[in-house]
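Bear in mind that the values in this text are calculations on the coordinates, not laboratory data. Not measured: the values here are computed from a predicted model. All Cβ positions, glycine included, derive from the backbone under ideal geometry; neighbour counts span all protein chains shown.
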Amino acid sequence: MDPLSLLASIAGVVTAGIQVSKAIYDLVSTTRGTPKEVSDVARGVSDLSIVLRELRRALKEGRELYRHKLLRRISSAIRRIGQIHAQIREMIVGVEGFASLKWLFRRAKTMHLLYQVESHKNGINMILHIMTLAVQTRIFLRYCLKLCLVSNGNRKAKIVSLPILDARPIPQSQHSTAAVKMERPKGICCANKPRT
């Protein structure tokens, strides 16, 4: 899956989710006595859109860190979320009055939709946390690499092989005088001769 097309599809699903959520809220506000579950579905869809927006941001920041398998799974989840939005949209279209609303939002169907929305929100949220952790780990390891190189007088240092480490040179603009004064963290990198 191409990361750029995944970013575009996430943006589309986020937009659709916001529209669906707004349509439900408008329906609830114009109709008296709507079941609480209807508002819960709208809130869940809105929350899911927020989580998806953050997922999109994390994908942009660490695009090269993520495996294609993870991107395919995210794409699959995005398609399923789009289908849930379509189901909700179909239920809303043509609603006239409370009787139709009550019929369309039967408790069992509404609870099932709410369960699906919450399930996807929790799953995407967990993936988002893992992706954010990967980006933060890369930033930390780059910082440790910079400290290691500075403390070794910019001699070549042997770097412990870590799969997430992106060992590209750190641009000069990101160097800081505060980093030079700090001690090298123990166990992160090693110089040419072993520490005793």
*To the nearest 0.05, what FRET efficiency results for GLN136 and MET111 with a Förster distance of 41 Å applied to their C-beta separation?*
0.65
*Is the shape of segment 3-137 best called rounded, prolate or oblate, per the rule: a/c under 1.5 gives rounded, else a/b larger than b/c gives prolate, else oblate, with a ≥ b ≥ c the square roots of the Cα gyration tensor eigenvalues?*
prolate
*segment 107-117 - phi-based ³J(HN,Hα) in whole Hz, Karplus 6.51/-1.76/1.60, Gly and Pro as x*: 4, 5, 5, 5, 5, 5, 4, 4, 4, 5, 4
*In nm, give the distance between the simple-model label positions of ASP2 and GLU64, each being 7 Å from the Cα along the Cα-to-Cβ direction.*
2.0
